[in-house]
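J.: Would you mind keeping the following structure in view while I ask a few things?
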Amino acid sequence: MEDEIRRGLLEMGFTNAQTEAGMRATGCVSLEHAIQYILSDDGTSQETTAQQNLITQEILESALASVSTDTAQKECKMVMVVRTDLGMKNGKIAAQCGHAVLGAYRIIASSKNPQHKSWLSAWSTFGEAKVAVKCNSEKEMEELRTVAESKNIITYMVIDQGRTQIPANSKTVLAIGPAPIDVINEVTRHLKLL
């Protein structure tokens, strides 16, 4: 997220000093927050430069226009679908869920899709909610993946290397999202919590 915000600010023409000040002041919550901070800085910050005075409200409006306000304001979550038929122990499940979250995050953070960017921003803003649910088979997991991707939701499938409890190439956890809760619920509402 931090790299995405930095890249976005620099591409909009903000200086390195403005970019760092905006990111530091807003805690890298979102690109929008950093832009608003930079544009509202009254010049008392040491990092403020004369160039900042040339930046207009049009830059902010242009940047915010690229993010759909209706999805950016919706609370988002990520769901990890864990296969129970593999008999994984709790520690193994925790590790596989960690792989799933990181994999999905890397995909959505590098996505060029503005909808994905807005969902990532909203997910970060609302506390990065994650829910673990269970499914009974690889087939069921693949079906969930197909439905999620048909709704333009990011997915990431963890495929285990087979070094410990389960056979190599076992599909263990499917991360779905982050995406708005109502959109993800269309895919996972029927699944029971892990």
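J.: Being hydroxyl-bearing (S, T, Y), over 15 Å from the mean Cα position of the chain (by Cα) and within 13 Å of M80 (Cα to Cα) is the filter here; which residues of the range 145-194 pass it?
T.: Those that are hydroxyl-bearing (S, T, Y), over 15 Å from the mean Cα position of the chain (by Cα) and within 13 Å of M80 (Cα to Cα): T172, T188.
J.: Looking at L144, L194 in this structure, which one is among the hydrophobic types (A, V, I, L, M, F, W, C), on the phi < 0 side of the Ramachandran plot and outside the structural domain of G87 (by TED's automatic domain parsing)?
T.: L194
J.: Residues of the range 1-18 being more than 16 Å from S111 (Cβ to Cβ) and touching a residue at least 40 places away in the same chain (Cβ under 8 Å), which ones?
T.: If the condition is that a residue be more than 16 Å from S111 (Cβ to Cβ) and touching a residue at least 40 places away in the same chain (Cβ under 8 Å), then M12, G13, F14 are the ones that fit.
J.: Oh, and also: Which one of the conditions (1) crowded, with 21+ Cβ neighbours inside 10 Å; (2) modelled with pLDDT of 95 or more does K117 fail to meet, given that it meets all the rest?
T.: The one condition K117 does not meet is (2).
The values are calculated or read from the model by the stated rules, or taken from the named source; none is laboratory data. For clarity, every value in this text was computed on a predicted model and none was experimentally measured. Note that we place each Cβ from the backbone using ideal geometry, even for glycine, and neighbour counts take in every protein chain shown.
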